[in-house]
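Report on the structure given below.
The values are calculated or read from the model by the stated rules, or taken from the named source; none is laboratory data. It should be emphasised that the depicted structure is a prediction, and the values quoted were computed from it without experimental measurement. Cβ placement follows ideal geometry from the backbone for every residue including glycine, while neighbour counts extend to all protein chains displayed. Keep in mind that these areas ignore ligands, DNA and RNA; they rest on the heavy atoms of the full protein, side chains included. Shrake-Rupley method; radii C 1.70, N 1.55, O 1.52, S 1.80 Å.
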Amino acid sequence: MKNYFSFVLFIPFMLSSIVHAKISASDAEKQLTSLLRDTKNVNTDVVLVYKDGKIIYQRYAREYGPNTKHISWSMGKTISGILIGIAESEGLLSIDDPVKKYFPQFKASTRIIDLLGMSSGLKYKEMYQGLPIDLDVTNMMYMDGTKTGFGNYMLSRPLSPVGGPGEYFNYASGDTNLLMAVLQKAINNQSVYNNYPWDKFFKPLGIDATFEQDLKGTFAGASYIYMKATDFLKVGQLIVNKGMWNGQQIIPPKYFELMNTVAAGVQRKVQKGNPANKAYGAHVTTNLPIDGRGLTSQFNDLPLDSLILFGHQGQIVAASPSENLVIVKLAMDKKALSDINFFAAVKTLILAKDMPYETVGSMKGISGVDHEPEGRGLISTIFTIPRLLRAFSAKEYCSCRFVVGRSEAACKSDLKAHSPILPKVKIKDDKTVVATLGLGLFHKKSKAVYRGKTFGCTLAESE
C-alpha cells in the first residue's frame, strides 16, 4: 500500500515533466536567435524559415533588410548548374558533350556532366588548408586567372593523379566557371549570353539579381551572384515546386532528377581534403546516403529529399519538396556556425510550432550531433599574402559598396572577417576601387571596376 501511494504521488510530477519536456514556440525562437546572435565569430545577416506556405521565422541584422542584396558565394553554383540544364533542354548543348567540343585545345576527356558532379579529372586544389599560394581557387579568382579568364585558367590545368573524369569527387569552383565558359561558347553570341541568366531564370522568378563576370565576359558562376534574401527564398521555393514557377517549368525535369542523384564520382572516391560524407549531386548537395561508399545521410535534422545550397562564410538555402520547407541563412561568418546545430535548432522551432516535420533522424529515431568535418570557413588564412589581399579587398569592397550598398564601416568590417590586416582602399570618381598595400618596391595596387547593377564589379587589375 505504501508503494501504491508513493506511485500515485509521483504521477503529478511525471505529468509535469512531460508537459515541460516540449519546448514552447517562443522559447524555440529565442534559442534559435541566441544561436545566431551569440555564437562567437558568427556574423549572421538574415535567416528565413518557410514552412507549409508561410514564413515562420525571420531575422535581419548588421544593416541587412528585405531589400538588401547579399553575396551568394558558392550557392551561385546551383543556379549556374540550372542554367546548363536549361541550355540542354533548349538544344544548345548536351550534358554528355565533351568539353573538347567547345574548346578543341582541351586535352582531358571531361564531359559537361563530369563538371556538374565536380569530377573534372583536372588537377585542382580548393579546400582551404595550408598556405594560400598553392590554392587554385585563389589563383584563379584573384591572381593569374584574372588576366587569362577563369575558364581559360581551367583549360590549362594538368590532368589529376587522383583519377580520371567521373572517377572521384573534388569540389572545385573552377569546374563551375568552366561550365559558364562552355555555355558562352554554346550560345556563341555575347549579347544573348549576357541576358541568358535573366531571360531563363531570374526574370521568370521576379528576381533582381547582379551576376558578375570576369574580364573575358564569362559569368563568375561559382561565387558572384547577389540577390535579396527573399530572392534566395524563391530559389528554394522553386526546388520545393520541383522546378515549376507560376505554371512554367523553369528547371527541366531531367535536370531536376540529376540534382537529386548522388554523382558518380562521389559514389566512388573522394580527393583528400574534401568532406567524405558530402552527397553531391548536379551542382547541389543532397541529403541522400552515399550507397557506393556505405555512408548514411549527412544531416539527421533535415528531410531525406532536401537539396542544399552551401556557400562560404555560412550561406545556406535548404529546400525539401516533401516537407514544403525552405531555410535561408545569409552570413559573413569569420568562423562558420555548425550546420548540424543550426538545422537542429530549426527543427526544434518547427516542432515547437506543432507543425508536421519528418526528417532523416525522425525516421531513424535519432537527432543531429555536432560532428561535421572541417572544410568550410577556413579561408581566413588565405589573405596573408599582400597581392592576394589587395585583389580580394578591391573586388569585395567594390561589390559591398556598390552592389550591396553597405556603409564603409560595414564593408571594412566584413573584410576583417578574412584578415585583421587590411590594405588601403580608395574609391575614385568613376566608382573604381583601388587597393594598395606595401612600401617602396612593394607598393603595388589592385583595381576593381563597377559595371552597373547587372554585372556588378570585376577585378580589372591584380599586381
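Couple of notes before you dig in:
- Where only C-alpha atoms are counted, convex hull volume of the chain per residue in Å³: 157
- Residue pairs, from the table 416/445; 123/395; 69/242; 69/347; 22/54, whose Cα atoms sit over 29 Å apart: none
- Extension gain (nm, one decimal) between residue 62 and residue 276, 0.36 nm per residue minus Cα-Cα: 73.6 nm
- Accessible area (Å², 1.4 Å probe, nearest 10) - residue 127: 30
- Pairs of Cα atoms nearer than 8 Å and 6+ residues apart set the relative contact order; for the chain it is 18 percent.
- Added length on full extension, which subtracts the Cα-Cα distance from 0.36 nm per residue, residue 408 to residue 41: 130.1 nm
- Within the accessible area of the chain (1.4 Å probe), percent carbon and sulfur: 55
- Packing order of peptides 111-122, 325-336, highest average first: 111-122, 325-336 (average count of other Cβ atoms within 10 Å over each peptide's residues).
- Contour excess over end-to-end distance, with Cα ends at residue 358 and residue 216 and 0.36 nm allotted per residue: 46.5 nm
- Heavy-atom accessible area per residue - the chain, 1.4 Å, Å²: 41
- Distance cut-off 16 Å, percentage of C-alpha pairs in the range 108-168 lying past it: 47
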